[in-house]
Amino acid sequence: MTRPTLILIATLGSAAMLGGAFAFQYIGGLAPCQLCLYQRWPHAAAILIGIAALATGWRSLAWAGALAALATAAIGVFHVGVEQLWWDGLATCTAGSITGIPTADLLDPSKDVAAVVRCDEIAWSLFGISMAGWNVILSLGLAATWILAARRG
């Protein structure tokens with residue numbers, strides 16, 4: 001495969017990952033936790049990098065795409081560890097902050113206080129692998145695709 005084809009595959013892969021995350025959120029009703037949101041940003045960066053790489057043909061951008069894919073995979077590894085209780089998660093994702101919410105609002109059932117989405121609870125899995133785990137697996141594949149693109153002459 002040519003470098004542009006590999007870049008297109010990697011770019012579309014990140015777009016599919018991001019699209020899937022939004023589908024789970026807005027169609028499936030699974031609100032993302034903080035770590036889930038963090039995993040989305042490198043995919044968005046990879047999409048922009050891919051567009052720029054296709055437009056300019058600069059080989060170095062493929063390395064940047066690989067770095068973005070590896071970044072989301074690394075966040076995913078951390079998230080899987082939090083889900084499996086191997087280590088503690090961030091304070092913002094294992095307990096809900098009620099800072100700034102008046103006590104009266106917390107006790108008033110007519111007030112809409114958002115539910116806490118915990119990073120250490122698996123909301124969905126396939127074949128025993130959580131969404132964070134699938135992000136790791138697929139993002140490592142995308143990183144490999146970016147690296148192949150960077151190494152193509």
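Is it the case that segment 32-46 has a residue that's closer than 20 Å to GLY133 by Cβ, small (Gly, Ala, Ser) and either modelled with pLDDT of 95 or more or open to solvent by less than 40 Å² (accessible area, probe 1.4 Å) (or both)? Working first, answer last.
Going through segment 32-46, the residues closer than 20 Å to GLY133 by Cβ turn out to be 32-43, 46.
Filter again for small (Gly, Ala, Ser), leaving 46.
Checking the rest, the ones that are also either modelled with pLDDT of 95 or more or open to solvent by less than 40 Å² (accessible area, probe 1.4 Å) (or both) come to 46.
Within segment 32-46, one or more residues are closer than 20 Å to GLY133 by Cβ, small (Gly, Ala, Ser) and either modelled with pLDDT of 95 or more or open to solvent by less than 40 Å² (accessible area, probe 1.4 Å) (or both).
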Problem set entry | Any hit, segment 53-60, residues being crowded, with 17+ Cβ neighbours inside 10 Å, in a helix (DSSP H, G or I) and over 16 Å from the mean Cα position of the chain (by Cα) | yes
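Can you go through GLY76, GLY65 and tell me which one is part of a helix (DSSP H, G or I), modelled with pLDDT of 95 or more, open to solvent by less than 60 Å² (accessible area, probe 1.4 Å) and over 30 Å from GLY153 (Cβ atoms)? Give the steps one after another, and end with the answer.
Working: GLY65 fails: over 30 Å from GLY153 (Cβ atoms).
When all the criteria are applied, what remains is GLY76.
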Problem set entry | Long-range neighbours under 7 Å by Cβ, at least six apart or interchain, first residue under 12 Å from THR145 (Cα atoms) within segment 63-76, second among the aliphatic types (A, V, I, L, M) and open to solvent by 50 Å² or more (accessible area, probe 1.4 Å) | ALA66/ILE147
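The values are calculated or read from the model by the stated rules, or taken from the named source; none is laboratory data. All values reported here derive from a predicted model rather than from experimental measurement. Cβ coordinates were reconstructed from backbone atoms using ideal geometry, including for glycine residues, and neighbour counts include every protein chain displayed. To get the accessible areas, we keep the full protein, side chains included, count just its heavy atoms, and leave off ligands, DNA and RNA. Shrake-Rupley method; radii C 1.70, N 1.55, O 1.52, S 1.80 Å.
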